[in-house]
1. Can you list residue pairs whose Cβ atoms sit under 9 Å apart, with the first residue in segment 65-88 being free of Cβ contacts under 8 Å to residues at least 60 places away in the same chain and among the hydrophobic types (A, V, I, L, M, F, W, C) and the second being in a loop (DSSP other than H, G, I, E, B) and more than 10 Å from ligand 1 (Cβ to nearest atom)? Count only pairs 6 or more apart in sequence or on different chains.
2. If the Cβ limit is 6 Å and pairs must be 6+ apart or interchain, which residue in segment 108-137 that is closer than 18 Å to residue 172 by Cβ and within 11 Å of ligand 2 (Cβ to nearest atom) pairs with which residue that is in a strand (DSSP E or B) and of a type in the set (Lys, Arg)?
3. Got a sec? Which of 131, 127 is more than 15 Å from ligand 1 (Cβ to nearest atom), closer than 27 Å to residue 196 by Cβ, among the hydrophobic types (A, V, I, L, M, F, W, C) and open to solvent by 10 Å² or more (accessible area, probe 1.4 Å)?
4. Sort out which residues of segment 58-114 are among the charged types (D, E, K, R) and outside any strand (DSSP E or B), and write them in order of number.
5. Give segment 24-48 a look and list any residue that's over 17 Å from residue 77 (Cβ atoms) and open to solvent by less than 30 Å² (accessible area, probe 1.4 Å), or say none.
6. Of all residues in segment 49-90, which are under 17 Å from residue 9 (Cα atoms) and either open to solvent by less than 10 Å² (accessible area, probe 1.4 Å) or more than 16 Å from ligand 2 (Cβ to nearest atom) (or both)?
Amino acid sequence: MTKREQLYEGKAKKVFATDDPELLIVSYKDDATAFNGLKKGTIAGKGVINNEMSNLLMQRLEKAGVPTHYVEELNERETLVKKVSIVPLEVIVRNIAAGSFSKRYGVDEGVVFDSPTVEFSYKNDELGDPLINEYHALALKLATAEEIDTIKKYAFAVNDFLKAFWAECGVTLVDFKLEFGRLADGTIVLADEISPDTCRLWDSKTGEKLDKDRFRRDLGGVEDAYAEVMKRLSEHV
Ligand code: ADP
Ligand code: UDP
């Protein structure tokens with residue numbers, strides 16, 4: 001597959017056209033940002049880890065019945081994916097209180113929920129990705145009611161799979177963000193990435209944070225944390 005022009009450069013990835021109008025190449029960078037781009041840095045080796053981890057997890061999710069954009073890993077930083085029109089919603093699933101949930105509702109980090117929650121943010125950098133509800137998403141024509149139902153169904157299926165998978169690796173899945181897109185025929189598939197940039201992952205025994213919170217909160221050992229979760233995942237696939 002020939003790589004053509006760069007279509008987009010985001011905060012963590014670049015996106016390239018290919019010979020095939022229905023396929024794209026995503027290239028994972030080591031750049032890290034937080035707080036809507038206010039904090040910037042580099043996490044050495046992150047791009048390689050996020051590419052490999054996302055691809056391994058998406059392949060497993062396909063087998064578990066969740067359609068994804070994944071096609072083929074091309075090299076350690078680049079992957080061929082199905083081109084989608086991204087539904088501009090960040091879909092956040094939570095099993096345990098942390099981050100913005102804890103702040104917004106005044107709940108200690110670490111409080112375990114009886115059942116998982118789902119929420120949506122409007123994916124819009126200028127507005128700072130504001131939290132929205134399903135009625136707002138419909139009013140803004142971001143997705144149809146049927147698409148939102150499909151997205152919620154897949155988001156909880158992803159949670160069921162990932163929670164069990166990470167538990168086998170000695171890692172607790174706290175929360176994560178997903179993005180979905182539409183293929184040319186309108187089919188909804190899971191897109192973007194699943195990585196320590198987009199998930200909160202805590203060591204099941206010690207509670208140590210093994211994700212991007214180490215970068216966001218200046219906890220140190222960022223590269224080591226990414227390498228550790230990747231190592232645990234590799235030992236379990
Ligand atoms: P951001 O845009 O938030 O800075 P990234 O740096 O990760 O994020 O850039 C990757 C971009 O590619 C994101 O905007 C994401 O929504 C988009 N994207 C992810 N998967 C696909 C896909 N299969 N087809 C089209 N766009 C995609
Ligand atoms: N998340 C993400 N991208 C975003 C916002 C959140 O990947 O733009 C992930 C984040 O890594 C965490 C989950 O979504 O795993 C929930 O994040 P939260 O709403 O608590 O926001 P934060 O504390 O990161 O501001």
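1. 71/1
2. Short answer, once both residue conditions are applied: 117/94.
3. One residue alone meets the criteria, 131.
4. First, pick out the residues of segment 58-114 that are among the charged types (D, E, K, R): 60, 62-63, 72-73, 76-78, 82-83, 90, 94, 103-104, 108-109, 114.
Correct list: 60, 62, 63, 76, 77, 83, 103, 104, 108, 109.
5. 33, 34, 37, 41
6. Within segment 49-90, 50, 51, 77, 78, 79, 80, 81, 83, 84, 85 qualify.
The values are calculated or read from the model by the stated rules, or taken from the named source; none is laboratory data. Keep in mind that what you see is a predicted model, and the values were worked out from it rather than measured. Counting neighbours? That spans all protein chains shown, and the Cβs are built from the backbone with ideal geometry, glycine included. Calculation scope for accessible area: heavy atoms of the full protein, side chains included, ligands and nucleic acids excluded. Shrake-Rupley method; radii C 1.70, N 1.55, O 1.52, S 1.80 Å.
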